[in-house]
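This report concerns only the one structure given below.
The values are calculated or read from the model by the stated rules, or taken from the named source; none is laboratory data. Worth saying up front: this structure is predicted, and the values here are computed from it rather than measured. Note that each Cβ is placed from the backbone with ideal geometry, even for glycine, and that neighbours are counted across all protein chains shown. The area values use the complete protein model at the heavy-atom level, side chains included, leaving out ligands, DNA and RNA. Shrake-Rupley method; radii C 1.70, N 1.55, O 1.52, S 1.80 Å.
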Amino acid sequence: MHAPRPEDNARPEVVYLDNNATTRVAPEVFEAMVPFLTEYYGNPSSAYRFGKLVQGHVMEAREKIAGLLGCTPKEIIFTSCGTESDNMAIWSALQTSGKRHVVTTQVEHSAIMNQTEMLERMGFGVTRLPVQGDGTLLLSDVENAIRDDTGVVSIMWANNETGVLFPVEEIASLCKRKGVLFHTDAVQTPGKIDLRHVAKSDIDFLSMSGHKLHAPKGVGVLYVKRRTKVVPYVIGGGQERGKRGGTENVASIVGLGRAAELALQTLADEQSRVRAMRDLFEEMLLQRLPYLYINGKRDQRLPNTSNIAFDFVEAEAVLMKLDHAGICASSGSACTTGSLDPSHVLSAMGMTPARARSCVRFSFSHYNTEADIDLALAIIPPMIEGLRAMSPLGPEHTDNFNYDVTAAREKEEKLMAATMAAINE
Ligand code: PLP
C-alpha cells in the first residue's frame, strides 16, 4: 500500500471553501521560491558570498513581513509553523518572567490548548476564560483572572472555527497596565484584517503561519516587541540572532515574504469582495433554509468565515456529501479518532452537543469566485433538505427542548466507552 501519488489520479476539481485550514500557495509566491530550491541553495550562515547572497534574501523577506505588522525587521523571528511560534511565546514568557500562571481562553487552537495542558501537568497554573454565546470575551474576565503570579496572557486574535475576533489590542494595554506579558495567536488574521498597527500596540508576542496566507506549510513567524525579553524554544545554532536554532527554511521564508507583500495588496479585496461574497452566501442560505444559525455576529468576525449550524443534521454527513460534490469545507468538531466530542469552541459558546455537531465551517479567500458561491448555493439547500428528511431528529423531537447538555455528554461518553471496549475485546 502506498499513499496515492499525484500521478495516480488526476487532481479532483474542487471548490475550495476551507481557507482557514490552509490556503493555496500563490503563483507569485511559488515563483519567488523556486530559485532558492534550485540555484541559490547556500546556507545563509555560511561566510562565503554564495551564503551571504542567500542571507540577503532572508533579510529582505524579514523586511517584507515587518511591513505587514508595521514593525522593524529585528522584531521578526522565523519559526517552523504557527504552533512553534505559539509554544515559543508562552514558554519564553514563563521563563523570562519566572512566573507560573497563564491566562488564556477556552476557545484557543490546540497549539495553545495542548501546551497549556502540558504546563498544568508540569505544575503551572492555567486559567481558561469562558466566552459568551456569540463567541466574544468579556474584558472584565481577563482583568479579574490576572494574578500576581501571572507570567503571560495568551488570547487569539481571530478564532479559526468561527472567525470571531477578540479585542486583543485593548487586552494588551490592560496587560501592560498590570505588568503582564501578552501574546496573541494571530495565525488566522494576515491578509484578512489590517495588522500594520501591531508595533504601536502593547502586544508583546504575535504568532503567524505561512500556510494561512498563501505561502507554504512549514514556516511561521513570531513577532517579539522591541525590548521584550525572549529565550529560544528550539535550542541549537545561533540562527535568528540566537533566538531560534536550526538552519532557516530559506525558500519558504522567501515565499512568506512575497506572500506578506501580496497580503497587503489583497487586503482591500478581502474586506470588500470576499466579505460581500460571504455575506451573500449566509443571506441566501438563511432565505432558503429554516432552522439554520450563523455562529458569531457578522461585524465581529473575520470577513472570510461562516460557521453555520444546520439543525437536525450531522456535519459529518454534510461534509461527505459536499466532498462528493467537489466542495471542501470542514466541521467545527475536534474530530479526533474515536471521539464524539463536539467542538470545544462551540461547546464553550454554550451550544448543545447536537447543535455543535451540526455546524459546518466555510472559509473563503480572494481566489474564490462568485461561481464558487453559486455552486455551493445550488447544492447545499437541497442537500440539507434531503438529509433532514432522513434524520430521526426534527423540530418536533423532544431533545430540542430543555436539552440537558451534561446528561447528553455523559450518555455519549458511556456509549463511546462501551463501543471502544467492544472493539478492543
Ligand atoms: N493557531 C491557529 C488559530 C490556527 O488556525 C492554526 C492552524 O490551523 C495554528 C495555530 C497552527 O498553525 P500551524 O499549522 O502552522 O502549526
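Extension gain, Arg227 to Gln55, is 59.5 nm, computed as 0.36 nm per intervening residue step minus the present C-alpha separation. With a ≥ b ≥ c the root eigenvalues of the C-alpha gyration tensor of the stretch 185-275, is it rounded (a/c under 1.5), prolate (a/b larger than b/c) or oblate? Verdict is oblate for the stretch 185-275.
Taking all protein chains together and a 1.4 Å probe, the residues Ser110, Ser331 rank Ser110, Ser331 from largest to smallest accessible area.
Computed from point charges on the beta carbon alone (+1 for Lys and Arg, -1 for Asp and Glu), the dipole magnitude for the stretch 42-101 about its Cα centre is near 180 Debye. Annotation: Arg24 carries an accessible surface of approximately 120 Å², with a 1.4 Å probe and no ligand, DNA or RNA atoms counted. Between Asn43 and Ala389, the FRET efficiency from the beta-carbon distance, with R0 = 56 Å, is close to 0.35. Summary: within the chain, the longest segment free of chymotrypsin sites (Phe, Trp or Tyr not before Pro) located in DSSP loops with at most 10 other C-beta atoms within 10 Å is 49-400. In degrees, nearest 10, range 0 to 90: what is the angle between the Cα axis of helix 275-288 and the longest Cα principal axis of the chain? Once rounded, the angle reads 10 degrees. Extension gain, Ala421 to Asp279: 0.36 nm times the residue separation minus the Cα-Cα distance gives 46.6 nm. When the accessible area of the stretch 222-320 is split by element with a 1.4 Å probe, what percent falls to carbon and sulfur? Looking at the stretch 222-320 in its full context, I get 54 percent from C and S.
For the chain, what does -39500 (n - 2.57) per DSSP helix run (n ≥ 4), summed and divided by total residues, give at 222 nm, in deg cm²/dmol to the nearest 500? Intermediate results must be reported in sequence, preceding the final value.
Numbers: 14 runs with 172 residues, N = 425.
Using -39500 (n - 2.57) per qualifying helix, the result is -12500 deg cm²/dmol.
Evaluated with a Cβ-only charge set (Lys, Arg +1; Asp, Glu -1), the chain carries a dipole of roughly 1660 debye about its Cα centre, given to the nearest 20.
Largest to smallest in accessible area, the residues Ser45, Ser365 fall in the order Ser45, Ser365 (1.4 Å probe, all protein chains included).
Taking only protein heavy atoms and a 1.4 Å probe, what accessible area per residue, in Å², does the chain have with all protein chains in place? It would help to have the intermediate numbers written out before the result.
Details: 19610 Å² over 425 residues.
Each residue of the chain exposes 46 Å² on average to a 1.4 Å probe.
The stretch 90-148 and the stretch 199-268 have their alpha-carbon centroids 23 Å apart. At the residue level, His366 shows approximately 50 square angstrom of accessible surface with a 1.4 angstrom probe and all protein chains present.
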